[in-house]
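Right, one structure below, let's go through it.
Here, each number is a calculation from the coordinates, and none is a lab measurement. Just so you know, these numbers come straight off a predicted model, no measurement behind them. In this analysis, Cβ positions are derived from the backbone assuming ideal geometry, glycine residues included, and neighbour counts consider all displayed protein chains.
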């Protein structure tokens, strides 16, 4: 049996009717794909599959080379243009990312693919600090098709950043009503507090507090809501710190727990301790959104 037939047979056996063999390593998948292309020639689909494996390995330049070659073979492949855009976005090459995603929009004839293409362009505009353009693309994505859960969160975050609180709250509530996702409910509750509706937030927080095994995140939300209502809130924060200290694992610190701890400390006026938690969370990769409520409190005290 010829080498490429052996490779192709192995590919089919290990991947079934779907993609590449899911249980093998990216290195082995790259090796097999390279062998197949060496023996039978390159195709757009094989190049895109290998690009995906290169991306998993963190070899972005090689992934870009494969995607570009795939586009030479099939210039109208909107998925390939979208993938190229994502790769450039990951390298912070925003102009190239925007150029590629615009090609995806221009060539796309797949109604199911268009919404996700607009969401990628929204990500690029967000990274370029062009929030109005990003929000317009997000709204277009929602019009084009069924939104994914993550899209509700991304849109809500951007609307909050732009101060469009009514749209933010109604969008998150609609997403929660449609999905019953606890993630979306939390985003909605947090947005209610940020938008100056702490009483509505409290009504949603209390049932979760009664049932939660770990209560720190819900107590932190309640403390923020109670503080906004000029009610006693500090005891909640002391319980938060006690629980977070019990859950802390010095060997494997959690950036979200550190951000929560920093926020609790800041609300209690423990600024130095809050800053230490903030810096530790940032070192672990906490982004602007994770730290969005803690940062302003630290700036006030500096």
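Where in the range 183-291 are the helices (runs of 4 or more DSSP H), entirely inside, with at least 3 residues that are under 24 Å from residue 163 (Cα atoms)?
Working: elements: 198-211, 216-228, 234-247, 255-267, 271-283.
Counting at least 3 such residues, we get 198-211, 216-228, 255-267.
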Members of the range 25-48 found to be surrounded by 17 or more Cβ atoms within 10 Å (Cβ to Cβ) and either under 15 Å from residue 63 (Cα atoms) or touching a strand residue (DSSP E or B) at 6+ places or on another chain (Cβ under 8 Å) (or both), listed by number: 26, 29, 30, 33, 42, 44, 46, 47, 48
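Any residue at all in the range 37-52 that is free of Cβ contacts under 8 Å to residues at least 60 places away in the same chain and within 22 Å of the chain's Cα centre (by Cα)?
At the first step, the residues of the range 37-52 found to be free of Cβ contacts under 8 Å to residues at least 60 places away in the same chain are 37-52.
From what's left, within 22 Å of the chain's Cα centre (by Cα): 51-52.
Among the residues of the range 37-52, at least one is free of Cβ contacts under 8 Å to residues at least 60 places away in the same chain and within 22 Å of the chain's Cα centre (by Cα), which makes the answer yes.
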Note on the range 53-82: residues surrounded by fewer than 19 Cβ atoms within 10 Å (Cβ to Cβ) and part of a helix (DSSP H, G or I) are 56, 60, 61, 62, 65, 68, 69, 72, 73
Exactly one condition in (1) assigned to a helix (DSSP H, G or I); (2) more than 24 Å from residue 208 (Cα to Cα); (3) without any contact (Cβ under 8 Å) to a residue 24 or more places away in the chain is false for residue 119; which is it? (3)
